1. At 7 Å along the Cα-to-beta-carbon direction for both Ala145 and Asp75, put a label point, then send me their distance in nm to one decimal.
2. May I ask which residue of Val126, Ala145, Pro169 lies farthest towards the positive end of the charge dipole of region 90-185, with charges of +1 (Lys, Arg) and -1 (Asp, Glu) on Cβ and the Cα centre as origin?
3. Please work out how much accessible surface Glu187 shows to a 1.4 Å probe, ignoring ligands, DNA and RNA, in Å² rounded to 10.
4. Please report the net charge: other residues with Cβ closer than 14 Å to the Cβ of Leu10, K and R +1, D and E -1.
5. Return the tail of the calculated pair distribution for the chain, meaning the percent of Cα-Cα pairs more than 33 Å apart.
6. For region 71-211, what does the relative contact order come out to in percent, with C-alpha contacts under 8 Å and a separation of six or more?
7. So how strong a dipole does the chain carry about its Cα centre when Lys and Arg Cβ are +1 and Asp and Glu Cβ are -1, to the nearest 20 debye?
8. Within 10 Å, Cβ to Cβ, of Ile201, how many net charges do the neighbouring residues add up to if Lys/Arg are +1 and Asp/Glu are -1?
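The values are calculated or read from the model by the stated rules, or taken from the named source; none is laboratory data. Given the structure is predicted, the values throughout are model-derived calculations rather than measurements. In this analysis, Cβ positions are derived from the backbone assuming ideal geometry, glycine residues included, and neighbour counts consider all displayed protein chains. Ligands, DNA and RNA are stripped out before the accessible areas are found, and what is left, the full protein with its side chains, is counted by its heavy atoms. Shrake-Rupley method; radii C 1.70, N 1.55, O 1.52, S 1.80 Å.
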Amino acid sequence: MRLYLSSYQLGNHPELFSALVRGERRGWVVMNALDGLDNARRIADTQTQIDNLASIGLIAENLDLRDLTPSEIRDVFGQPDFVWVRGGNVFTLRMAMARSGLDDVIVEGLATDDFVYAGFSAGPCVLAPSLAGLELCDSPSDCRAVYGDVRFDGLAVLDRPVVPHLCSPAHPETEILATVAARYETERRPFWALRDGQALIVDGSTSRIRS
């Protein structure tokens, strides 16, 4: 399994993400954590993500989960070398993955090391066993407004949650995520703590946080 899980954008060492990717270095950008927000912003930021990936030698196209169903996802998904999942509302992202069937594709593909899963903020957060606690930061109601339902189960790729943007005063969610981290500590729930610039890198059996 290969993961590059950044707190914000590509982080301080995007070359470590690039180094994990094999093959033709082609993959997908998933923007669905922004579902329900301004579409003009989404279009502009999709291109920003694609351009950022191109700057480290990765060729990406947009995979819009709103257009897909579980019966279609595998044919459309194909055999990418990586998937880059943008941040936003983790509950909205989770529902988009569930409704399209991408959640199963991701879990199965990582188990057989078919591609690199990478992303920032909600992208890493959705890999936890449970999303409980993140409702302090991301609104489940926003997810319900888009999809009519909400799920608190994560993909359980990781054995613990990721808490991004900690000790990151330039990020508007740093204080509320410190509250999330404090709750996990009180509940004695282990978690991966990331400040902006850092990334959790998993390569096979090795896991490390790189600043």
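1. Each label point lies 7 Å from its Cα, and together they span 3.5 nm.
2. The residue sitting most towards the positive pole is Ala145.
3. Probe radius 1.4 Å; accessible area of Glu187 about 90 Å².
4. -2
5. 7 percent
6. Across region 71-211, relative contact order equals 21 percent.
7. Dipole about the Cα centre, nearest 20: 420 debye.
8. Taking every other residue near Ile201 into account, the sum is +2.
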